[in-house]
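**Student:** This structure is in structure tokens; I'll ask about it shortly.
All of the numbers you see were taken from the coordinates with simple rules; none came from a lab. Computed from a predicted model, the values in this text were never measured in an experiment. Glycine gets a Cβ as well: all are built from the backbone with ideal geometry, and neighbour counts include every protein chain shown.
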Amino acid sequence: MAADIEPPAKKSEDRVPARRTVARKTVRPLRSVAIFGAVGALVAGIALPAYAATKPAEAATTVQQLAAVDAQSLVVASQATAAPLARGTFTATTPEEIEKKKAEEAAAARAAAAAKSSAAASNFSTAGYALVSPGSGEVRYPLPVGSYTQGRTIGGGHNGADMLAPAMTPIYAASAGVVRASAESIGGYGVCVMIDSVVGGQRVQTTYGHMTYGTRQVQAGQTVAAGQLIGFVGSTGRSTANHLHFEVWINGGLVEPYSWLAANAG
């Protein structure tokens with residue numbers, strides 16, 4: 001019995017080496033795969049950055065992207081064309097152009113003011129304005145006829161008529177009387193003369209403002225005749241252009257100067 005059992009024990013020992021041989025054959029292919037994978041990853045890590053560095057830049061690069069790289073350069077497409085420059089697309093930049101523009105704006109403002117004052121004057125009632133016969137000589141125009149343009153008149157806190165005229169245009173007393181005030185500066189009037197008169201039995205006060213410095217021809221307390229030279233047009237005090245600011249008060253009440261002159265000076 002013991003002899004019969006011995007051979008099977010030997011066969012069991014022979015199977016162990018066979019299993020080890022199978023395991024070795026399985027491990028070898030897996031190891032090769034891992035090695036090739038590592039080598040491939042290494043090659044890709046080296047080659048791809050070098051390829052990317054040699055790749056040409058995109059053709060659709062925008063101006064903004066170029067500016068981000070070099071803020072002092074600007075790339076313009078070859079198809080771009082220069083637009084014609086129209087005079088009205090830019091403003092005056094030289095001193096001469098600026099002065100010319102200011103003069104044009106001032107002239108436009110004076111024209112608008114004259115139109116406005118003419119419309120305003122037509123709305124005044126001239127009842128009681130006629131104190132003497134027109135053309136009698138008792139009332140004269142303070143500026144030579146034809147030498148001035150009518151500007152704004154009374155209204156909105158403005159107590160007189162602006163008679164627009166060139167600098168140094170002569171100014172005459174509108175009526176005979178006594179000079180109540182004459183000075184190089186009287187508030188916003190600047191160089192100014194004020195005259196108290198009696199016209200047609202009514203007390204009339206006339207004011208002549210914005211004269212040129214040093215041109216007053218009369219002094220306070222002096223008696224003047226209608227039409228007498230009293231000064232020259234300027235732009236002193238609160239003034240933006242050469243003109244005579246002419247006021248007329250009758251018995252302490254303000255009246256519209258253009259209408260008063262038309263009713264009395266003819």
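**Student:** Once both labels are modelled 7 Å past Cα along the beta-carbon direction, what's the residue 183-residue 101 spacing in nm?
**Tutor:** The two pseudo-label positions are separated by 4.0 nm.
**Student:** Quick one: Karplus J couplings for region 224-230, per residue in order, coefficients 6.51, -1.76, 1.60, θ = phi - 60°, nearest Hz, x for Gly and Pro?
**Tutor:** Rounded to whole hertz, the list is 10, 9, 4, x, 6, 5, 10.
**Student:** Based on the inverse mean of 1/r over its pairs of different Cα atoms, what is the Kirkwood hydrodynamic radius of region 181-221, in Å?
**Tutor:** 10.8 Å
**Student:** Hey, what did region 169-234 get for relative contact order, percent, Cα under 8 Å, at least 6 apart?
**Tutor:** In percent, rounded to a whole number, it is 44.
**Student:** When you count, for each residue, the other Cβ atoms within 10 Å and take the mean per peptide, how do 189-198, 146-155 rank with the highest first?
**Tutor:** Going from most to least packed, we get 189-198, 146-155.
**Student:** A further question follows. Would you mind checking which residues have amide H under 5 Å from residue 180's amide H? H placed 1.01 Å from N; only 5 or more apart, or other chain.
**Tutor:** 194, 195, 196, 221
**Student:** Go through region 205-211 residue by residue and turn each phi into a ³J(HN,Hα) via Karplus (6.51, -1.76, 1.60, θ = phi - 60°); whole Hz please, and just put x for glycine and proline.
**Tutor:** 10, 10, 10, 10, x, 6, 5
**Student:** Taking the simple approach of a point 7 Å from Cα along Cα-to-Cβ for both residue 136 and residue 202, what is their distance in nm?
**Tutor:** Placing both labels 7 Å beyond Cα along the Cβ direction yields 1.2 nm.
**Student:** Counting only the backbone N, which residues of region 152-179 are under 18 Å from the spot 7 Å out from the Cα of residue 223 toward its beta-carbon?
**Tutor:** Inside the label zone: 173-179.
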